[in-house]
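The values are calculated or read from the model by the stated rules, or taken from the named source; none is laboratory data. Quick caveat: nothing in here was measured; it's all calculated off a predicted structure. Don't worry about glycine lacking a Cβ; one is built from the backbone with ideal geometry, like all the others, and counts go over all protein chains shown.
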Amino acid sequence: MRISVRTRGESFEFDCAEGEKILHAGLRAGIALPYECGSGTCGTCKAEVGRGEIDEGWLEAPGRAYVNPERSEFLMCQATARGDCAIGVHARVARLADGIPAPEAVAGRIARVEGLTRGVRRVAVALDRPVSFDAGQFMLVGTAAVAGRRAYSMADYRLPTDRLAFVVKQVPEGGFTDWLFAEDRTGSELDLFGPLGVATYVPSLPNNLVCIAGGSGLAPMLSILDHAIETGHFEARHGDLFFGVRAERDIYLLDRLEAYAGHEPERLRVTVVLSDVAPTAELAAAHPQLRFDAGFVHEAAMRHMTGRWKSAMAYLAGPPPMVDATLRALVTEARLTPSAIRYDKFS
Amino acid sequence: MSWRRVCATDDVDEDELREFKVGDITVLVANAGGEFFAYPPFCPHQETPLSLGMIDGDTLTCIKHLWQWNLKTGETRENAESPLLLYEVKVEEGEVLVNLEKELRYGYQ
Ligand SMILES: Cc1cc2nc3c(=O)[nH]c(=O)nc-3n(C[C@H](O)[C@H](O)[C@H](O)COP(=O)(O)OP(=O)(O)OC[C@H]3O[C@@H](n4cnc5c(N)ncnc54)[C@H](O)[C@@H]3O)c2cc1C
Ligand code: FES
Ligand code: FES
């Protein structure tokens with residue numbers, strides 16, 4: 001099937017396979033169609049059907065709150081085409097820049113599942129073939145057992161790789177996480193699409209890095225810091241990681257956090273922030289290389305970053321309220337410009 | 001319709017944004033350091049309520065994809081692709097009056 005897209009600048013055409021999401025077909029063809037979550041919640045991928053018929057897919061998608069059916073709008077990340085279609089996107093759209101890994105569908109199998117703390121697991125996935133991605137990106141991950149695909153950020157950085165690692169937090173009554181946590185899923189087949197996401201680290205970046213993560217939002221920061229350390233980023237620049245969770249028992253990968261903090265102790269600082277129960281003296285004593293603080297992670301970041309914002313690139317990931325609160329603080333208190341802020345809302 | 005009372009100056013705190021309804025028209029009022037401005041309620045990008053946005057000096061930022069404008073003129077800053085529409089505003093005796101002669105709308109598609 002042939003899809004033609006009219007945008008606020010250029011027009012494009014691309015092929016779309018039977019059952020393939022229109023967003024995926026366009027991205028696969030190297031057209032940077034707008035999206036954010038890739039999974040039906042944010043509404044960023046909305047478009048308008050001009051000619052032809054589409055199947056909207058998931059009708060209860062929360063992102064449909066942003067579409068206006070009177071204008072024949074739909075979500076490209078959920079919809080498939082029933083035949084040739086002409087659609088309109090109300091945004092400037094370009095071709096994917098050179099050097100950005102083009103997303104593709106790839107099959108995989110769960111190779112290993114490891115508990116990190118209560119309700120958080122590390123899931124290693126063996127892929128059919130190697131993929132490339134930029135640190136900070138995510139994949140859409142699905143299983144035949146659960147409708148739809150969910151976004152999970154790569155929590156390691158190694159390239160090219162036929163093995164990806166994710167950190168998955170259990171969500172109460174969540175479709176995919178209930179399936180994943182119900183029993184040992186080692187060996188289960190997955191279908192993936194990616195890499196996706198623009199909250200990325202690339203080695204040419206001249207900035208100091210400030211990573212602010214809530215809960216499973218730590219995952220993309222792990223790949224960002226892995227890659228930044230590998231390229232020697234902190235030999236010349238500084239970095240800060242703020243990792244917010246509720247209580248001590250929710251902290252995970254402490255050894256990895258300590259390794260980051262030990263890498264360039266003066267230049268790369270790691271602060272763990274507990275929102276519900278203040279960190280104990282024993283916790284701080286047991287991990288002398290880490291800093292601990294209490295309160296909301298964005299508030300702690302504002303306190304610890306005083307005087308350190310110059311030439312910063314901020315990375316944010318976690319639950320939407322945490323990301324929104326941090327965005328507010330970064331724009332109105334730290335006064336970063338939007339181009340110095342990269343974020344993923346784990347919606 | 002022309003000049004209509006939308007709210008009292010006390011109804012909107014400094015550097016806050018609030019929506020008000022006047023008849024069928026929803027107006028977003030900004031108090032930027034004591035000066036008042038009025039806009040259609042949605043972001044010109046993707047209809048996110050701008051009441052969720054943020055004010056810093058003379059910059060207004062949408063919370064959704066961080067488009068920014070000069071809140072006094074509506075001109076785009078940095079990453080915004082289209083300007084903000086402004087209503088005419090005057091403040092008289094603690095009341096914010098807005099010229100609602102014609103409802104302002106964005107041509108989304
Ligand atoms: C960019 C991004 C990166 C993320 N990275 C991580 C990460 O690294 N670690 C982590 O733990 N979480 C991450 N998340 C959150 C994750 O994608 C899931 O939302 C979360 O795990 C809950 O999934 P669930 O199926 O258990 O919950 P559910 O509430 O069942 O589903 C959550 C989401 O799945 C999609 N969905 C649900 N039903 C359908 C359906 N019928 N058809 C199509 N789609 C459906 C929707 O997007 C929904 O919001 C990320 C989210 C985003 C947007
Ligand atoms: S990208 Fe489609 S709803 Fe978020
Ligand atoms: S909806 Fe306001 S910036 Fe995108």
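Which residues, counting only those in the range A:170-181, are out of contact with any strand residue (DSSP E or B) (no Cβ under 8 Å at 6 or more places or on another chain) and in a loop (DSSP other than H, G, I, E, B)? Across the range A:170-181, the qualifying residues are A:VAL171, A:PRO172, A:GLU173, A:GLY174. For the range A:300-313, the condition holds for no residue, the condition being that it is within 14 Å of chain B (Cβ to nearest Cβ) and farther than 16 Å from A:ASN208 by Cα.
Go through the range B:49-63 and report how many residues are in a loop (DSSP other than H, G, I, E, B) and facing chain A (nearest Cβ under 8 Å). Outline the logic, then answer.
Restricting attention to the range B:49-63, the residues satisfying the condition of being in a loop (DSSP other than H, G, I, E, B) are B:53, B:57-58, B:62-63.
Next, from what is left, pick out any that are facing chain A (nearest Cβ under 8 Å): B:63.
Number of matching residues: 1.
Counting only strands (runs of 3 or more DSSP E) that fall entirely inside the range A:182-272 and contain at least 3 residues that are loosely packed, with under 15 Cβ neighbours inside 10 Å and either among the hydroxyl-bearing types (Ser, Thr, Tyr) or not assigned by TED's automatic domain parsing to the domain that holds A:GLY148 (or both), no element qualifies.
For the range B:90-100, the criterion of a residue being exposed (fewer than 14 other Cβ atoms within 10 Å of the Cβ), of a type in the set (Lys, Arg) and free of Cβ contacts under 8 Å to residues at least 12 places away in the same chain is satisfied by no position.
For every residue, the table says whether it meets (1) modelled with pLDDT of 95 or more; (2) assigned to a strand (DSSP E or B); (3) of a type in the set (Gly, Ala, Ser); (4) in contact with a Ser or Thr (Cβ under 7 Å, 6 or more places away or on another chain).
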| site | (1), (2), (3), (4) |
| --- | --- |
| B:CYS7 | yes, yes, no, no |
| B:ASP10 | yes, no, no, no |
| B:ARG18 | yes, yes, no, yes |
| B:ASN31 | yes, yes, no, no |
| B:PHE37 | yes, yes, no, no |
| B:PRO44 | no, no, no, yes |
| B:GLU47 | no, no, no, no |
| B:TRP69 | yes, yes, no, yes |
| B:GLY74 | yes, no, yes, no |
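Of all residues in the range A:74-108, those satisfying the criterion of being within 16 Å of ligand 1 (Cβ to nearest atom) and closer than 14 Å to A:ALA47 by Cβ are A:PHE74, A:LEU75, A:MET76, A:CYS77, A:GLN78, A:ALA79, A:THR80.
Annotation: A:ARG158 fulfils all but one of (1) outside the structural domain of A:TRP58 (by TED's automatic domain parsing); (2) touching a Phe, Trp or Tyr at 6+ places or on another chain (Cβ under 6 Å); (3) not small (Gly, Ala, Ser); the unmet one is (2). Any residue in the range A:181-193 that is modelled with pLDDT of 95 or more, near ligand 1 (Cβ under 10 Å from one of its atoms) and closer than 19 Å to A:ARG122 by Cβ? Yes, the range A:181-193 contains a residue that is modelled with pLDDT of 95 or more, near ligand 1 (Cβ under 10 Å from one of its atoms) and closer than 19 Å to A:ARG122 by Cβ.
Within the range A:36-53, if we keep just the residues that are assigned to a strand (DSSP E or B) and surrounded by fewer than 21 Cβ atoms within 10 Å (Cβ to Cβ), the residue that is nearest to the other protein chains (Cβ to nearest Cβ) turns out to be A:GLU48. Condition first: within 30 Å of A:PHE74 (Cβ to Cβ), within 12 Å of chain A (Cβ to nearest Cβ) and either more than 16 Å from ligand 2 (Cβ to nearest atom) or β-branched (Val, Ile, Thr) (or both). Can you find one or more residues in the range B:19-36 that meet it? No, because not a single residue in the range B:19-36 is within 30 Å of A:PHE74 (Cβ to Cβ), within 12 Å of chain A (Cβ to nearest Cβ) and either more than 16 Å from ligand 2 (Cβ to nearest atom) or β-branched (Val, Ile, Thr) (or both).
Here's a check for you: in the range A:54-84, which residue that is more than 23 Å from A:GLY142 (Cα to Cα), within 14 Å of chain B (Cβ to nearest Cβ) and not aliphatic (A, V, I, L, M) is farthest from the chain's Cα centre (by Cα)? Even if it seems obvious, please write down each step before you answer.
Quick first cut of the range A:54-84, residues more than 23 Å from A:GLY142 (Cα to Cα) only: A:65-73, A:83-84.
From the residues that got through so far, the ones that are within 14 Å of chain B (Cβ to nearest Cβ) too are A:65-73.
If we keep only those that are not aliphatic (A, V, I, L, M) as well, we get A:66, A:68-73.
Details: A:TYR66: 21, A:ASN68: 27, A:PRO69: 29, A:GLU70: 32, A:ARG71: 30, A:SER72: 29, A:GLU73: 25 Å.
Taking the candidates together, the pick is A:GLU70.
Of all the residues that make up the range B:68-87, how many are more than 15 Å from A:LEU330 (Cβ to Cβ) and either in contact with a helix residue (DSSP H, G or I) (Cβ under 7 Å, 6 or more places away or on another chain) or within 11 Å of chain A (Cβ to nearest Cβ) (or both)? Break it down into steps so the answer makes sense when it comes.
Just the residues of the range B:68-87 that are more than 15 Å from A:LEU330 (Cβ to Cβ), to begin with: B:69-77, B:80-87.
Then drop every residue that is not either in contact with a helix residue (DSSP H, G or I) (Cβ under 7 Å, 6 or more places away or on another chain) or within 11 Å of chain A (Cβ to nearest Cβ) (or both), which leaves B:77, B:80-82.
Total satisfying the criteria: 4.
None of B:THR73, B:THR26, B:THR59 is exposed (fewer than 14 other Cβ atoms within 10 Å of the Cβ) and of a type in the set (S, T, N, Q) except B:THR73.
Take the conditions away from ligand 2 (no atom under 15 Å from the Cβ), hydrophobic (A, V, I, L, M, F, W, C) and not assigned by TED's automatic domain parsing to the domain that holds A:THR177 and apply them to A:ALA111. Does it pass? In short, no.
The set of residues from the range A:97-114 being within 29 Å of B:ASN79 (Cβ to Cβ) and surrounded by fewer than 17 Cβ atoms within 10 Å (Cβ to Cβ) comprises A:ALA97, A:ASP98, A:GLY99, A:ALA102, A:GLU104.
Among the residues making up the range A:303-335, those that are crowded, with 19+ Cβ neighbours inside 10 Å, free of Cβ contacts under 8 Å to residues at least 40 places away in the same chain and over 30 Å from A:THR177 (Cβ atoms) are A:VAL331, A:ALA334.
Taking the condition buried (at least 18 other Cβ atoms within 10 Å of the Cβ), away from ligand 3 (no atom under 16 Å from the Cβ) and within 11 Å of chain B (Cβ to nearest Cβ), does A:GLY88 pass?
Yes.
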